[in-house]
Structures are given as structure tokens and as C-alpha cells.
Amino acid sequence: MRLTSSSSTATPVVTRSAPPTAPELSAMMPFGRYSVQAQVGIGGMGTVYRGTQLSLGRPVAVKVLRVSDGYDFAFEDRFRREARAMATLNHPNIVAIYDYGHLGTDFLFFVMEFVDGTDLGEIMRLGRMTPELALQLLPQICGGLEYAHSKGIVHRDIKPANIMLTREGEVKIADFGLAKDVMRSASIVTETHMVMGTPDYAAPEQFNAHRDVDHRADIYALGVLMYQMLTGVLPRGSWQPPSALRPGLDPRLDGVIVRALMPDRQQRYQSVGDMRRAIEAALLPSVAPVQTPSKPFHATAAPLTSVRILLLEDDSMVRDLLRRALEKARFEVIETADGKDTLRLYQEAMQQGRPYDLVILDLTIPDGMCGRETMLHLRRIDPQILAIVSSGYRDDPVMKDCAAYGFAAALPKPYQVEGLLQIVNSALAVGRRQAA
């Protein structure tokens, strides 16, 4: 090929032909089975059209992928995987697939249920998502994912654009294009080690090309989606609890999101069903704990108007969640981030004749005095101290046998509000019996 002098300096431009028009696609489809009316969407995973299945007269969506587009990014393999994964799923909250095949040598297609509605991304973009609507939709999203997981299918790309909503308010999970059959495969990455998923919603393990990915990655993405639906923003960086951004939102939902977004998947919900039940429990009216004890826990204490709790927790976000949950239950909470400050505050309260009724100590403080050491000093100050140890390390000797270290109870992380209040109230009941 000869280049002229005028073109020798030009940068070659690679162009891709446009996807087929609706009439062109209609002519390419298996004869007599489908007609195609209009293109309704286009994206990296293919082009979607509205059509009709002629034999039944029902509306369908037709998704088309140009085979040549898949050479660099294995789109063809993922396209086939989406069809096969979705074909095994039959659930009201999952888009159903009806047909699959090739259109000559250039295109792949599959025919699926047509959803007359929009997606959550569009609803949020238009400012129509409210906490009330979010809490109506989340159990449906959980239900669809719970069913997919029961069939061994992990979605791996849960995000607003992949959650459809019909005009009747029914959720439909779409685009299982990155789905993985966990019964047959052990990795999220392609054979070329390309990590798949949408970064803002991807679990930490999805960025590790050599780590297996299971259904708990969907739980992480669902936590991100839940946060976004409730607050309108993504939980990036040092994010605030939803109840801090949306006054009036039940802080019990904060705990659900915190657990879903734990970097260590062992500390997340271990099933979508567990997360769904936690969301539903947070929608029920909370029961306030019994408040002021009948008599002070310490002989030197003045009469109390409320139960006072001293809280040691170095993680500011977790500490804020704990404080909010306890204050909503009408406890008075004083926060510290280091054991030395805890000792000082406790001693000052004793000297003022207003000792704390309960202390909650984080077992692990990387940059300060840890909960175990703090407890040793607190017991010297007050041998009758009432304290709870808190940690995510459930196998630590202190957590396994907290009484041997002077604690009244152990509070495992991550927290659920109901469990937190139950343990706190149980410990306070022990203190009341001891003081009686």
C-alpha cells in the first residue's frame, strides 16, 4: 500500500460500523419468529431493541452483540454466559430469557422479557428515589439475588443500571453478562486475567486477579446500591452513615450497610437472605430498652436521670454508628478513641460521684491502649466495674471467655442494632442484680 505525502502524517482512525437498524435486524432474525420495532438502548455489552415474538404476540427485548467486538475483551464468551445463566433462572424479580443464537457470522442475539419501565439509575438521576421507595424495592432486589444464588449463579455487576423497575413497581434484575456459575468456575477474571465488574460497586476481592469470587461479592455491591438508594451518593472514602445524611432514617439501617460493606467478606452477611431479613427487621418499630435502674450501681453514685455509657472505639465511623444507636435508645453516651482517655474519664466520673453505668471497650486499638489493658486498669480503679468487650476477632481468648477477663458480655463486630441493644440491656440487668 502506497501512502501519499499528504496522508503520511495523518493518524489512522479506526471506526466501528453502527449496529443494525430495527428493520435490518428484523430481516436478520429467524424467519417468522420475531419482528423488531425500535432500538431502545446501547452499551458496552451490546445493543437492545424492542420487538415482538410473533407466535405469541408478546413484546420482547432483543439484545445483539457484534462478534468482532468480542475479540479484544471476550465479549462473545460473556454474552453466551449471560444467556446460559439467565436461562436457568425463573423468578419474578429476574428478567427472563426466551431464546438465543447467531445471526449469520457477524452477530449474536438473545431474546428476553421486555420490561416496560425504567432502571434505578434513571430514577435516581431524575431525583425520584426516596428512602421510602428504596425500602420498598430492596427486599425485591434481595429476593431475586437470593434465588440466583440458590441456583449457583453470581451476578457480579449489581448496579443501578442493571436493576429495572416496571410501571407496576416490580423489580427486575437484568444483565447477567458477567454472571458466573459458581458450581463450575472459581474466578471472576477472564482467562487473560482481566478483572470484571463496575469499580464503584465491586467488592475488594474482585480487584484481585488471583482470588476466587463468590456470592458475597453481590452482597457487597448490594450494600453500595442500598447506600446510594437511601442517600443519593456513593459510599466513597470516609463515608458517613446514611442516618447522618438523611435525618429521620432508622440507624438500624446503618448497621445493615456497614456489615454488607465489610472489606473482609467473612464479616459480611453470609447470604442475601440474611441481609434481606436484617432490612425487614429494621422496618419494624424498635422497642426502647428499660431505662434508669431502680438503684445506682455504685454506693457512691448520685441518683441518675439516665444510663451513662462510656464507649471506647478507635474507628470513628463505627463509633458514630454505635453512639447513634445507643442515643436513639435514650442512653447517654460519652465517646473515646484511646484507652488512656477512657481511664481518665472514668476516674473523673468516679471523683464527681457520677460513675458510668456501663463501659464498652474495643478489644483492638492499633495506635493506643487496647481494651484488654484498659480493663486491667479500670478494675483497679473500680473492682465492681460493668463492662462489655467488643471485637471482630471472635476467636480471641477475651471474646471466647470474656468473664475470665472481668467483662459482663462480649459484643461481636459487625454490629446489628437489635443485637447491640440486647447485649447492652442484658449487661445492665446483670449490674442491677449485683447492686440489689
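Of note:
- Taking amide hydrogens as placed 1.01 Å from N in the peptide plane, the amide H of residue 411 sits under 5 Å from those of 389, 390, 391, each at least 5 positions away in sequence or on another chain.
- Estimated FRET transfer efficiency (residue 244, residue 130; beta-carbon r; R0 25 Å; 0.05): 0.90
- Approximate spin-label separation residue 67-residue 364, in nm, with each point projected 7 Å along Cα-to-Cβ: 5.3 nm
- Sites residue 21 and residue 200 - FRET efficiency at Förster radius 35 Å, r taken between beta-carbons, to 0.05: 0.55
- Region 230-285: trypsin sites (Lys or Arg not before Pro) in DSSP loop, at most 13 other beta carbons within 10 Å: 236
- The phi torsions of region 259-275, fed into the Karplus equation with coefficients 6.51, -1.76 and 1.60 and a -60° offset, translate into couplings of 5, 5, 9, 4, x, 7, 5, 5, 9, 7, 4, 8, 8, 5, x, 4, 5 Hz, rounded to whole numbers, with Gly and Pro shown as x.
- Loop-located chymotrypsin sites (Phe, Trp or Tyr not before Pro) in region 371-433 (DSSP state not H, G, I, E or B) with no more than 14 neighbouring Cβ atoms inside 10 Å: 393.
- The GluC sites (Glu not before Pro) found in region 71-171 that occupy coil by DSSP, while having at most 15 further C-beta atoms within 10 Å, are 168, 170.
- Residues whose placed amide H lies under 5 Å from that of residue 107, excluding near-sequence neighbours: 67
- Sequence of 110, 31 once ranked by neighbouring C-beta atoms within 10 Å, starting from the fewest: 31, 110
- 11 Å beta-carbon shell around residue 313, net charge (K/R +1, D/E -1): -3
- Given charges at Cβ of Lys, Arg, Asp, Glu: region 117-282 dipole, positive-most of 257, 244, 141: 244
- q = 0.11, 0.16, 0.17 Å⁻¹: log10 I(q)/I(0) that the Debye formula gives for region 117-282, counting C-alpha atoms only: -0.41, -0.89, -1.01
- Residue-count net charge about residue 284 - beta-carbon cut-off 10 Å; Lys, Arg +1, Asp, Glu -1: -2
- Centroid-to-centroid separation of region 202-258 and region 304-352 [C-alpha atoms, Å]: 26 Å
- Between residue 328 and residue 283, residue separation times 0.36 nm minus the direct Cα-Cα distance comes to 14.7 nm.
- Electrostatic bookkeeping for residue 55 treats Lys and Arg as +1 and Asp and Glu as -1; over the other residues with beta carbon under 12 Å from its beta carbon, the sum is +1.
- Packing-based exposure ordering (other Cβ within 10 Å, fewest first) of 380, 372: 380, 372
- Listed pairs 340/413; 151/172; 159/400; 63/159; 151/328 exceeding 29 Å between Cα atoms: 159/400; 151/328
FYI, it's all coordinate maths here, none of it is from the lab. The shown structure was predicted, so the numbers you read here are calculated from the model rather than taken from an experiment. Positions of Cβ are generated from backbone atoms using ideal geometry, with glycine treated the same way; all protein chains shown enter the neighbour counts.
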